[in-house]
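The values are calculated or read from the model by the stated rules, or taken from the named source; none is laboratory data. The structure presented is a predicted model; accordingly, all values stated were derived computationally and were not measured. Here the Cβ positions follow ideal geometry from the backbone for every residue, glycine too, while neighbour counts run over all protein chains shown. Ligands, DNA and RNA are excluded from the accessible area calculation, which covers all protein heavy atoms including side chains. Shrake-Rupley method; radii C 1.70, N 1.55, O 1.52, S 1.80 Å.
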Amino acid sequence: VRLFDSQHAVAIGDATPATPSGTFVTEDAGMSWRAASGHLAAHDLTGDFVDPYTGAVGGALGVLGVVVRRELAPSRTAGGGLAGIHSIRLDSDGAGWAVGDGGRILRTENAGRDWRVPPGDLPDGAARHFDFHAVAINGPNCWVAGAPGSYVFHSADGGQTWRAAATGQPLGIRALWFIDATHGWAVGELGTILSTADGGQTWRVQRAGG
């Protein structure tokens, strides 16, 4: 669920025969919800929205879609494949990132209408060894992580170059969040919580589960 103000929100979930878009908008603080029209043919949907009527969604089998004025349509995607999409983040201008299985990383400049593979490769062919479940953005910065959770990858230049930072723990990372360009958190399996105060160059274990 993504809240925009006291009245407007978007909810994203599984597509069903009755609501094949899996995407819903409320304009009355949740008293009623309207499904976006269109069909994505995917489950385990994730997504992010610029406003209640404009956003991007993705899901299993690498499916990606764009929502404009409550209408869902397939995205144009470069570097396609069947790798599932697990997380999408957009900024207020519609630029953003999507990440998924098999080290998949995609970038959009138009709120999900088009997706492309960023030009830079991850260090030492790391993409072959990670399934990404988390992405965070702050200004020009992008951080991605997943399973295993042994590294968080950071780009400060739109994916031209990437740096890897060791976390010191292998448990999968499921979500990332940065409040500015330097301070952020990663959370994951068995209640793991990590924090950084230097833009993701180093990570400290605040809590480890197990």
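Below is a table of values for the structure above.
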| read-out | value |
| --- | --- |
| Enumeration of residues in the stretch 159-181 that are open to solvent by 20 Å² or more (accessible area, probe 1.4 Å) and either within 15 Å of the chain's Cα centre (by Cα) or closer than 24 Å to Ala98 by Cβ (or both) | Gln160, Thr161, Trp162, Arg163, Ala164, Leu171, Arg174, Ala175, Trp177, Ile179, Asp180, Ala181 |
| Candidate set: the stretch 182-192, residues that are closer than 13 Å to Val152 by Cα and free of Cβ contacts under 8 Å to residues at least 24 places away in the same chain; chosen: the one least open to solvent (accessible area, probe 1.4 Å) | Val187 |
| Complete set of residues in the stretch 123-156 that are over 16 Å from Gly100 (Cβ atoms) and over 18 Å from the mean Cα position of the chain (by Cα) | Pro123, Asp124, Gly125, Ser150 |
| One residue from Val117, Val144 being closer than 30 Å to Tyr53 by Cβ and at pLDDT below 95 | Val117 |
